[in-house]
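Written below as structure tokens is the structure these notes are about.
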Amino acid sequence: MEGTVQGVGFRPYVHRLAGELGLAGFVLNDERGVLLEVEGEAAAVQAFLDRLPLESPPLAAVERVSSTRLEPTGETGFAIRESPAGGEPDALVSPDSATCVDCLAELFDPADRRHRYPFVNCTNCGPRFTIVRGVPYDRPLTTMAAFEMCPACQAEYDDPVDRRFHAQPNACPDCGPSLWLV
Ligand SMILES: [Zn+2]
Ligand SMILES: [Zn+2]
């Protein structure tokens with residue numbers, strides 16, 4: 001899959017859609033875009049292919065989907081795999097995106113752990129282009145590499161149903177960048 005598909009929540013989206021349809025397989029970012037395999041009942045695979053471009057995340061712009069039929073490998077479960085290193089980088093990097101309504105609600109909620117945290121972001125919003133140092137778009141290839149996530153942020157990052165599942169710039173006042181005025 002090619003287009004603006006990295007840093008926009010595409011892998012979590014594919015993970016959710018495959019889970020919903022009971023499909024096994026994997027998804028990863030590669031140097032061209034997003035590569036994925038699904039395995040399961042023919043009807044479910046077809047439904048997956050039909051829905052894939054239609055229900056993609058708000059910041060994604062799918063330019064091309066190419067698919068090939070493969071022999072089933074008896075895979076079970078669906079995984080987000082590590083991006084392979086190497087290859088000629090050709091993936092589009094998405095622009096930064098203004099804070100989404102969900103993050104704004106947290107920003108102004110005194111009870112939220114990100115209350116007034118200027119770098120609040122999630123899979124649907126936040127910095128992309130300004131933090132990218134290379135593709136595939138993964139945290140180690142961004143300026144966020146130096147900020148190790150705290151347990152609370154890591155739990156969000158690892159939870160497939162969380163809005164911050166695999167959100168590369170995920171941060172909070174405990175573990176992310178801070179800002180002060182002098
Ligand atoms: Zn957001
Ligand atoms: Zn944190």
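The values are calculated or read from the model by the stated rules, or taken from the named source; none is laboratory data. Bear in mind the structure is a predicted one, so any value in this text is a computation, not a measurement. All Cβ positions, glycine included, derive from the backbone under ideal geometry; neighbour counts span all protein chains shown. Protein only, heavy atoms only, side chains kept; ligands, DNA and RNA dropped before computing areas. Shrake-Rupley method; radii C 1.70, N 1.55, O 1.52, S 1.80 Å.
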Handout entry: Top-ranked residue of the stretch 150-175 - restricted to ones that are open to solvent by less than 30 Å² (accessible area, probe 1.4 Å) and away from ligand 1 (no atom under 16 Å from the Cβ), ranked as farthest from R114 (Cα to Cα)
Key = C150
Exercise for the section: Mind listing just one residue for me: the one in the stretch 117-143 that is assigned to a helix (DSSP H, G or I) and in contact with a helix residue (DSSP H, G or I) (Cβ under 7 Å, 6 or more places away or on another chain) and, of those, modelled with the lowest pLDDT? Expected result: R139
Practice task
Exactly one condition in (1) under 22 Å from M1 (Cβ atoms); (2) free of Cβ contacts under 8 Å to residues at least 40 places away in the same chain is not met by M149; state its number.
Solution key: (1)
Problem - In the stretch 11-65, the residues that are surrounded by fewer than 18 Cβ atoms within 10 Å (Cβ to Cβ), among the small types (G, A, S) and in contact (Cβ under 8 Å) with a residue 60 or more places away in the chain - result: G19
Practice task
Might you check whether a residue that is away from ligand 1 (no atom under 11 Å from the Cβ), under 13 Å from the mean Cα position of the chain (by Cα) and touching a residue at least 12 places away in the same chain (Cβ under 8 Å) occurs anywhere in the stretch 91-109?
Solution key: yes
Practice task
List the number of the failed condition for C103; all other conditions in (1) open to solvent by less than 50 Å² (accessible area, probe 1.4 Å); (2) part of a loop (DSSP other than H, G, I, E, B); (3) not charged (D, E, K, R) hold.
Solution key: (2)
